[in-house]
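Input: a single structure, listed below in structure tokens.
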Amino acid sequence: MNNFRHESVGILVAEQPLRAAVFDKLGIDFCCGGKQTLEAACENLAITVDTAIALLLESDELANDTSGDANWLAASLTELTDHIEQTHHRFLKRELPRLQTLSSKVARVHGDKDPRLLKVEAVFAAMKQEIDQHTTKEELVLFPFIRQLDQGVHVPDAPFVTVANPVRCMESEHDDAGAALMELRRLTDGYNVPEGACTSWVALLGGLAQLDQDLRIHIHKENSILFPKAIAAEGAHASVSHGTKGR
Ligand SMILES: [Fe+2]
Ligand SMILES: [Fe+2]
């Protein structure tokens, strides 16, 4: 508990996924901003760190009575990459095309009533294109490499030299997705359903809110759990290889 203050918010959620709800309530970004300490995050938002710690402890007490999410910190790299693909990437493949169709339809029909819908359509379309390319890179290049690291397979002359290079690129793309979500939230007043909204409009806002939640958990698992573990595994692998060579 004493460590809460100086621990990164990403690790705090990795240790206990239900803490994400506390950070959501306080407006603390544990996804793209996962590397900041709890103290720094509170300072930025003018929240007392003691208040945040009290809420986290309350949430942890509740977590003892519920199963919560799995402890991904203890999972292997293969289990983590499989889980991310089968849960979060599958969710995106199902939801992104559906929400794109909905956002275009709602913008076309109601854009004159609320011009922000035209912006929602454009921001969403650009975000979808980037996420599609991003997940393809993870599935075809980065995750297979990480699974090989997990199996102790030496990959000579990996095209990116070290796993830290594609990780940096993925983290930067996560920041872009995080910024797009912020923009969508702003344009829809926090996915708030306006009076007189039609069924498609309601469905779009509900879908965007769900996407926002899932994408932030997805990015959190990659930034705060998968990537640091992969970098550590590569380091351990390299020191074993050097040790063997030196003999
Ligand atoms: Fe991903
Ligand atoms: Fe990613």
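We did not get these values from a lab; they are worked out from the coordinates using the rules stated. This is a predicted model, so every value here is computed, not measured. Heads up, the Cβs are rebuilt from the backbone with ideal geometry, glycines too, and the neighbour counts pull from every protein chain shown.
Helix-derived [θ] at 222 nm for the chain: sum -39500 (n - 2.57) over DSSP H runs of at least 4, divide by residue count, nearest 500?
-21500 deg cm²/dmol, from helical runs alone.
Most exposed first by the Cβ proxy, i.e. fewest other Cβ within 10 Å, how do I47, I225 rank?
I47, I225
From the phi angles alone, apply the Karplus equation (6.51, -1.76, 1.60; θ = phi - 60°) to the range 159-169 and give each ³J(HN,Hα) in whole Hz, x where the residue is Gly or Pro.
3J(HN,Hα) across the range 159-169, in whole Hz: x, 9, 6, 9, 4, 4, 5, x, 4, 4, 5.
Order by neighbour count: E173, E7, E58, E138, fewest other Cβ atoms within 10 Å first, most last.
Fewest-to-most ranking of E173, E7, E58, E138: E58, E7, E173, E138.
Can you spot the lysines whose alpha carbon is less than 23 Å from K93's alpha carbon? Ignore those fewer than 8 places along the same chain.
Cα-Cα hits under 23 Å: K105, K119, K128, K137, K221.
Could you tell me the relative contact order of the range 1-41? Use alpha-carbon pairs under 8 Å, at least six residues apart, and round to a whole percent.
That works out to 57 percent.
Extending each Cα 7 Å along its Cβ direction at E15 and R108, get the distance between those two points in nm, one decimal.
Those two pseudo-labels are separated by 5.1 nm.
Where does the Debye-calculated log10 I(q)/I(0) of the chain sit at q = 0.13 Å⁻¹, using only Cα point scatterers of equal weight, no solvent?
Taking Cα atoms of the chain as identical point scatterers yields -0.90.
In what order do F30, F143, F91 fall by count of nearby beta-carbon atoms within 10 Å, going from fewest to most?
F91, F143, F30
Have a look at A209, A54, A40 and tell me which one the Gaussian network model of the chain (Cα, springs below 10 Å) gives the largest fluctuation.
Per the Cα network of the chain with a 10 Å cutoff, A54 tops the list.
With springs only between Cα atoms under 10 Å, which of S103, S224, S59 fluctuates most in a Gaussian network model of the chain?
Maximum fluctuation in the GNM of the chain, among the listed residues, is at S59.
Full-extension gain between A122 and S76, please, as 0.36 nm times their residue separation minus the C-alpha to C-alpha distance.
12.7 nm
Would you mind classifying the range 4-63 by shape? Square roots of the alpha carbon gyration tensor eigenvalues, ordered a ≥ b ≥ c; an a/c under 1.5 is rounded, otherwise it is prolate if a/b is larger than b/c and oblate if not.
oblate
Could you tell me which of rounded, prolate or oblate describes the range 163-219, using a ≥ b ≥ c as the square roots of the eigenvalues of the alpha-carbon gyration tensor, with rounded for a/c under 1.5 and, failing that, prolate when a/b is larger than b/c and oblate otherwise?
Since a/c reaches 1.5 and a/b is larger than b/c, the shape of the range 163-219 is classed as prolate.
Which ³J(HN,Hα) values in Hz, rounded to whole numbers, follow from the phi angles of the range 12-26 under the Karplus curve 6.51 cos²θ - 1.76 cosθ + 1.60, where θ = phi - 60° and Gly and Pro get x?
Calculated HN-Hα couplings, in order: 4, 6, 4, 5, 8, x, 5, 5, 4, 5, 5, 5, 4, 4, 7 Hz.
If R₀ is 45 angstrom, what is the calculated FRET efficiency for the pair N3 and Q148, using the beta carbon separation as r and rounding to 0.05?
In this case the efficiency is close to 0.85.
How far, in nm, would the chain grow between N192 and D175 when pulled straight, counting 0.36 nm per residue and subtracting the alpha carbon separation?
Computed gain between N192 and D175 is 3.7 nm.
If I model a spin label at L26 and D132 as a point 7 Å from the Cα along the Cα→Cβ vector, what separation in nanometres do I get?
Distance between the two pseudo-spin positions: 3.9 nm.
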